[in-house]
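Input: a single structure, listed below in structure tokens.
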Amino acid sequence: MAISTSVISLNTISYSRSSSHSYLSPPKPYVPSCTLPNSNSLRKLLITTSSSSEMGPTSDTLNFSRQPEMPSVSPFGLSMNELGKPSYKWRRVLLKVSGEALAGDQSQTIDPKITMAIAREVASVTRLGIEVALVVGGGNIFRGSSWAGSGGLDRSSADYIGMLATVMNAIFLQATMESIGIPTRVQTAFRMSEVAEPYIRRRAVRHLEKGRVVIFAAGTGNPFFTTDTAAALRCAEINAEVVLKATNVDGVYDDDPRSNPHARLLHTLTYQDVTSRDLSVMDMTAITLCQENNIPVVVFNINKAGNISKAIKGERVGTLIGADMEVHHSKNMKQT
């Protein structure tokens, strides 16, 4: 029977055991008192064992330079991703706030209570890891379509003045959000370098990835387009999953609730319903852009506490207009 021989190689120091003294342990290597061993000094421990001819020679290599990988499992049986990032319906959203909503009860141009309520609810969802971008209107200060033709003011000039009004609202919202610790960036469709960044799509996406709220101002930068169209456009550009339209009403009604007390709130709609019934939700350009890019739209009341955070999380609130509703509508038509 062959005598097994083990050779231990520790850097340049090696020890051999003879068959007559196989029961003895090899002497410990000398380590100077001024030097402490570390993981880098223990490169490799090679143990080679030669046994009987029936088993054949075997060799195993143990590498101490790599740390063992620990499974990322929480004490509750969930993975770290599942524990750290709860599942919400939307992960990146675009919130459209109309200028009229910022005015509150219309007693002043901008109601600080409204802007603070928006800031607090946006803060509550950004801490959950949801990325939020905003498009703000300017109707509380100046509406270009209403002033066109007054005093010789052409439509293009009136729309540019309205775009400047959206910048004023955006700066006000930014100041309110940053006062409670929300990092915020304002990006304008045309250059106003002293007060805001120019709109750059990749930069906007990077801000969102870093947890900052991005406020898009100045509409699309072109006259004859509304801020609703700007919201649909920016939503498609930054790959947001939904447009959340915050208004002063609970959602979309089948008639004007201000003139008809029996008007019925519609909880779900298709894009075709909006265009065929001429419902005043968004302008046709914005609705068509959302339809072509399969972007759902949620219309809800901004004045009810908690509605913004509910809408951003994907909870049922207001009226949902979207591609899913198209499929649901077609199934109902087949059944009837």
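The values are calculated or read from the model by the stated rules, or taken from the named source; none is laboratory data. Just so you know, these numbers come straight off a predicted model, no measurement behind them. Neighbour counts run over all protein chains shown; Cβ positions are idealised from the backbone, glycine included.
Only a single criterion out of (1) surrounded by fewer than 22 Cβ atoms within 10 Å (Cβ to Cβ); (2) modelled with pLDDT of 90 or more; (3) assigned to a loop (DSSP other than H, G, I, E, B) is not satisfied by Ile295, namely (1). The set of residues from the stretch 174-202 being free of Cβ contacts under 8 Å to residues at least 60 places away in the same chain, in contact with a helix residue (DSSP H, G or I) (Cβ under 7 Å, 6 or more places away or on another chain) and of a type in the set (S, T, N, Q) comprises Thr184, Gln187, Thr188. If you check Val214 against the conditions, is it within 22 Å of Ala103 (Cα to Cα) and in the same structural domain as Ala286 (by TED's automatic domain parsing)? Considered against the rule, which asks whether it is within 22 Å of Ala103 (Cα to Cα) and in the same structural domain as Ala286 (by TED's automatic domain parsing), Val214 comes out as yes. Only residues that are free of Cβ contacts under 8 Å to residues at least 60 places away in the same chain and either surrounded by fewer than 24 Cβ atoms within 10 Å (Cβ to Cβ) or more than 29 Å from Val213 (Cβ to Cβ) (or both): list them for the stretch 159-173, please. Ile161, Leu164, Val167, Met168, Ile171 - these are the residues of the stretch 159-173 that are free of Cβ contacts under 8 Å to residues at least 60 places away in the same chain and either surrounded by fewer than 24 Cβ atoms within 10 Å (Cβ to Cβ) or more than 29 Å from Val213 (Cβ to Cβ) (or both). If you go through the stretch 262-292 and keep only what is of a type outside the set (A, V, I, L, M, F, W, C) and either part of a helix (DSSP H, G or I) or in contact with a Pro (Cβ under 8 Å, 6 or more places away or on another chain) (or both), you end up with Tyr271, Gln272, Asp273, Thr275, Ser276, Thr285, Thr288, Gln291, Glu292. Can you find a residue that is among the hydroxyl-bearing types (Ser, Thr, Tyr), touching a Gly at 6+ places or on another chain (Cβ under 9 Å) and either assigned by TED's automatic domain parsing to the domain that holds Ser98 or part of a loop (DSSP other than H, G, I, E, B) (or both) anywhere in the stretch 237-247? Yes, because at least one residue in the stretch 237-247 is among the hydroxyl-bearing types (Ser, Thr, Tyr), touching a Gly at 6+ places or on another chain (Cβ under 9 Å) and either assigned by TED's automatic domain parsing to the domain that holds Ser98 or part of a loop (DSSP other than H, G, I, E, B) (or both).
One residue alone among Arg234, Arg201, Arg212 is closer than 17 Å to Glu131 by Cα, buried (at least 22 other Cβ atoms within 10 Å of the Cβ) and either out of contact with any strand residue (DSSP E or B) (no Cβ under 7 Å at 6 or more places or on another chain) or charged (D, E, K, R) (or both), and that residue is Arg234.
Is it fair to say Leu279 is aliphatic (A, V, I, L, M) and touching a helix residue (DSSP H, G or I) at 6+ places or on another chain (Cβ under 9 Å)? Here the answer is yes, as Leu279 does meet what is asked. Count of the stretch 95-135 residues, restricted to those that are in contact with an Asp or Glu (Cβ under 8 Å, 6 or more places away or on another chain), assigned to a loop (DSSP other than H, G, I, E, B) and modelled with pLDDT of 90 or more, is 1.
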